[in-house]
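The values are calculated or read from the model by the stated rules, or taken from the named source; none is laboratory data. None of the values given here were measured: they were computed from a predicted structure. Heads up, the Cβs are rebuilt from the backbone with ideal geometry, glycines too, and the neighbour counts pull from every protein chain shown. Ligands, DNA and RNA are excluded from the accessible area calculation, which covers all protein heavy atoms including side chains. Shrake-Rupley method; radii C 1.70, N 1.55, O 1.52, S 1.80 Å.
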Amino acid sequence: MKKAKAHFPSIPVIAYEGVNSTNALAFRHYNPDEVVDGKTLSAHLRFSIAYWHAFRGTGADPFGPGTIQRPWEAGKDAVSIAKVRMDAAFEFFQKIRAPFYCFHDRDIAPEGKTLAESNKHLDAVVAHAKQLQKATGVKLLWGTANLFSNRRYMCGAATNPDAHVFAYAAAQVKKALEVTQELGGENYVFWGGREGYETLLNTNLKREQDHLARFLHLAVDYAKEIGFKGQFLIEPKPKEPTKHQYDFDVATGIAFLRTYGLEKHFKFNIETNHATLAGHTFQHEIEVAASQGMLGSIDANAGDELLGWDTDQFNTNVKELTLAMTSILRAGGLGTGGFNFDAKLRRPSIDPEDLFHAHIGGMDAYALAFKVARRILADGKFAAFVADRYASYDSGFGRDIETGKANFKSLEKLVLTKLGEPTPRSGKQEFLENVLNAYLHG
């Protein structure tokens, strides 16, 4: 294919220069070629760039329009602009050394006046993306459909009270699945941003949840029909834009999937900012998913502790990420998932160079957390403490409790005749926090 114009001509491919580097356009902790346990760090972390923030984000917020202006957005023909934008995106993917990217259908191609026109636009841009993937080696981590921005979805997509909207959303997801397969996408994500309700005065909650389950079953059926082998992922979010969302958190999602017989087909794409909006820690959501074998992928971002909405900032909190990474590694990793930078530049960060600084910071933070977490797991101090804390369940009557051999009568007899009053043991939280800090700062 014809070589595209350089959109970041003054920025080189980002190199790894080590912890002593003072170069703002270099990695200090992330060496994608470093081999760990027989795999490169790039293969372990599987970093992905979120197309919607990195190349469609404008710096807009609820109080004002966008501030970020990019030269590749100029032109009159929307499809031609989309192709040039994609050229810029793939140049960025290569220079930041990200092996994957992700998109919504409406991120990469403009929506037309009809579904047929939208599909035609999407086909044209997907053909261009396929050429760029082949030329660069960058892969698609996952695709999805934007079922929340258009006015038609103001009351939801799969949960909309109008069957016409349900049908339109089904057609849109059908096409999104097809293009995800066409581009070799390894996963497909469902994020129900407007699958919920504002008031029960106009809502049949049970019927809406039934419809959402029917929609997901239809997606499973169609994936089988076309031979799509990728992993289906649910991305929970508790609120914003909808007050009562049906995908509140991982636990709610697990209950929903099991209620409707979908648990074998879905895992979870967990976002840090969504976890905190639900009143949980990032690590908590990972542990809940991992405990049920349903940990799939990560949207790598963070919220602002002083703001109550989804600020989608780049996460450089190494302590938070280390705790998350220990749980991910203990669970055996993310499989076909990865760490997708669902994070956006701050409103005043308007220079193209800022896009590099942001991703370098995020990639370095995750790489450092990965290394610290590996040391923690290798040393086994926390694992040994936890094992000892629960050791009473490993034998005797404790084992009987876990295996179902004990009952209230047998346990009462033990307490009355042998055990007596329990002797409380310290949880040693402060001690353990000090141990963690020694890993982080040692």
Inset, instruction - State whether one or more residues within segment 330-348 are within 25 Å of Val13 (Cα to Cα), surrounded by fewer than 18 Cβ atoms within 10 Å (Cβ to Cβ) and touching a residue at least 60 places away in the same chain (Cβ under 8 Å). - result: yes
Legend entry - Residue check for Asp33: closer than 28 Å to Asp123 by Cβ, acidic (Asp, Glu) and either crowded, with 16+ Cβ neighbours inside 10 Å or in contact with a strand residue (DSSP E or B) (Cβ under 8 Å, 6 or more places away or on another chain) (or both): no
Legend entry - Members of segment 187-229 that are closer than 22 Å to Ile298 by Cβ and touching a strand residue (DSSP E or B) at 6+ places or on another chain (Cβ under 6 Å): Asn187, Tyr188, Val189, Phe190
Inset, instruction - Would you mind stating whether Ala109 is touching a residue at least 40 places away in the same chain (Cβ under 8 Å) and of a type in the set (A, V, I, L, M, F, W, C)? - result: no
Inset, instruction - Evaluate the following for Lys139: is it open to solvent by 60 Å² or more (accessible area, probe 1.4 Å) and touching a strand residue (DSSP E or B) at 6+ places or on another chain (Cβ under 9 Å)? - result: yes
Inset, instruction - Please state which one of Arg375, Arg389 is in contact with a helix residue (DSSP H, G or I) (Cβ under 9 Å, 6 or more places away or on another chain) and either in contact (Cβ under 8 Å) with a residue 24 or more places away in the chain or open to solvent by 80 Å² or more (accessible area, probe 1.4 Å) (or both). - result: Arg375
Legend entry - Options Ala82, Ala116, Ala88, Ala176: the member that is aliphatic (A, V, I, L, M), part of a helix (DSSP H, G or I) and either more than 30 Å from Ser42 (Cβ to Cβ) or open to solvent by 20 Å² or more (accessible area, probe 1.4 Å) (or both): Ala116
Inset, instruction - Return the pairs, sorted by first residue and then second, in which the second residue is open to solvent by 60 Å² or more (accessible area, probe 1.4 Å) and polar (S, T, N, Q), the first residue lies in segment 1-29 and is part of a loop (DSSP other than H, G, I, E, B), the beta carbons are less than 9 Å apart, and the residues are 6+ apart or on different chains. - result: Met1/Gln131; Val13/Gln94; Glu17/Asn23; Arg28/Asn20
Legend entry - Residue within segment 98-107 that is open to solvent by 10 Å² or more (accessible area, probe 1.4 Å), in a loop (DSSP other than H, G, I, E, B) and of a type in the set (D, E, K, R) present: no
Inset, instruction - Could you figure out which of (1) surrounded by fewer than 21 Cβ atoms within 10 Å (Cβ to Cβ); (2) touching a residue at least 12 places away in the same chain (Cβ under 8 Å); (3) of a type in the set (D, E, K, R); (4) within 24 Å of Phe370 (Cα to Cα) isn't true of Glu240? - result: (4)
Legend entry - In segment 42-57, the residues that are among the hydrophobic types (A, V, I, L, M, F, W, C) and either more than 19 Å from Phe356 (Cα to Cα) or not in a helix (DSSP H, G or I) (or both): Ala43, Phe47, Ile49, Ala50, Phe55
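Condition check ((1) over 19 Å from Asn340 (Cβ atoms); (2) of a type outside the set (Val, Ile, Thr); (3) out of contact with any strand residue (DSSP E or B) (no Cβ under 7 Å at 6 or more places or on another chain); (4) modelled with pLDDT of 95 or more) across all residues:
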position: Ala74; (1), (2), (3), (4): yes, yes, yes, no
position: Ser80; (1), (2), (3), (4): yes, yes, yes, yes
position: Phe93; (1), (2), (3), (4): no, yes, no, yes
position: Arg97; (1), (2), (3), (4): no, yes, yes, yes
position: Phe100; (1), (2), (3), (4): no, yes, no, yes
position: Phe103; (1), (2), (3), (4): no, yes, no, yes
position: Asp107; (1), (2), (3), (4): no, yes, yes, yes
position: Pro110; (1), (2), (3), (4): yes, yes, yes, yes
position: Asn119; (1), (2), (3), (4): yes, yes, yes, yes
Inset, instruction - Looking for whichever is more than 17 Å from Leu329 (Cβ to Cβ), charged (D, E, K, R) and under 27 Å from the mean Cα position of the chain (by Cα) here; the options are Asp364, Asp388, Asp394. Which one fits? - result: Asp364
Inset, instruction - Those residues that are open to solvent by 30 Å² or more (accessible area, probe 1.4 Å) and in a loop (DSSP other than H, G, I, E, B), I need them from segment 190-202; list them, please. - result: Trp191, Arg194, Glu198, Thr199
